[in-house]
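The values are calculated or read from the model by the stated rules, or taken from the named source; none is laboratory data. These figures come from a predicted structure and were not determined experimentally. Here Cβ is always computed from backbone atoms with ideal geometry, including for glycine, and neighbour counts include all displayed protein chains.
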Amino acid sequence: MDDFLRVGVITTTHGIRGEVKVFPTTDDINRFDYLKQVYLDTGKEYLPLKIENVKYFKQLVILKFKDINDINDIEKYKGKDLLIQRDDAIPLEEDEYFISDLLDSKVYTEDGAKLGILTEVLSSSANDVYVVKTQDNKELLLPSIKECILDIDTSNKKITVHLMDGLL
């Protein structure tokens, strides 16, 4: 399991004083109020950035980082991920998982037949949907509900499912 979790993606700059608009990838957008530091994934390294100010605009977060006071210092990081250390993550409730822990899990039916690999988790208003790439290179969409997802073993990257009528 990775030691870092993504909490947002820098979408664009905001103003000329080094602020950025961030698309949050966390369930709780207000968690930015409590973060003191994030790590910028530059592609080469994880650059620690201290959060100086947090504002909200529609579904985006506007962040100001300490010692970044010019648009030119931050503009090159558009599209880059903002991460936190796993130790700083909000504790999970029972039957809650970090998406990064689910990705690349092997998916099996309750009979033990291998369906494929979980490649993506889609969020919807009703429930999450697991995208499974099957062995014949097709995509299977599984609703993340108790009737369908029987067991998740993140340490072994294994998910057991019940294929409800109409899913195949």
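Looking at 95, 87, 2, which one is assigned to a helix (DSSP H, G or I) and either assigned by TED's automatic domain parsing to the domain that holds residue 119 or modelled with pLDDT under 90 (or both)? Let's see the steps before the verdict.
Working: 95 fails: assigned to a helix (DSSP H, G or I); 2 fails: assigned to a helix (DSSP H, G or I).
Result of the check over 95, 87, 2: 87.
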request  = Considering only segment 34-67, state which residues are more than 16 Å from residue 7 (Cβ to Cβ) and either hydrophobic (A, V, I, L, M, F, W, C) or in contact with a helix residue (DSSP H, G or I) (Cβ under 6 Å, 6 or more places away or on another chain) (or both).
outcome  = 57
query = What residue, of 84, 90, 149, is farther than 26 Å from residue 22 by Cα and either surrounded by 12 or more Cβ atoms within 10 Å (Cβ to Cβ) or touching a Lys or Arg at 6+ places or on another chain (Cβ under 9 Å) (or both)?
reply = 149
request  = Mind counting the residues in segment 98-140 that are among the hydroxyl-bearing types (Ser, Thr, Tyr) and either closer than 26 Å to residue 30 by Cα or not in a strand (DSSP E or B) (or both)?
outcome  = 6
request  = Kindly indicate whether residue 109 is surrounded by 11 or more Cβ atoms within 10 Å (Cβ to Cβ), more than 30 Å from residue 14 (Cβ to Cβ) and touching a helix residue (DSSP H, G or I) at 6+ places or on another chain (Cβ under 9 Å).
outcome  = no
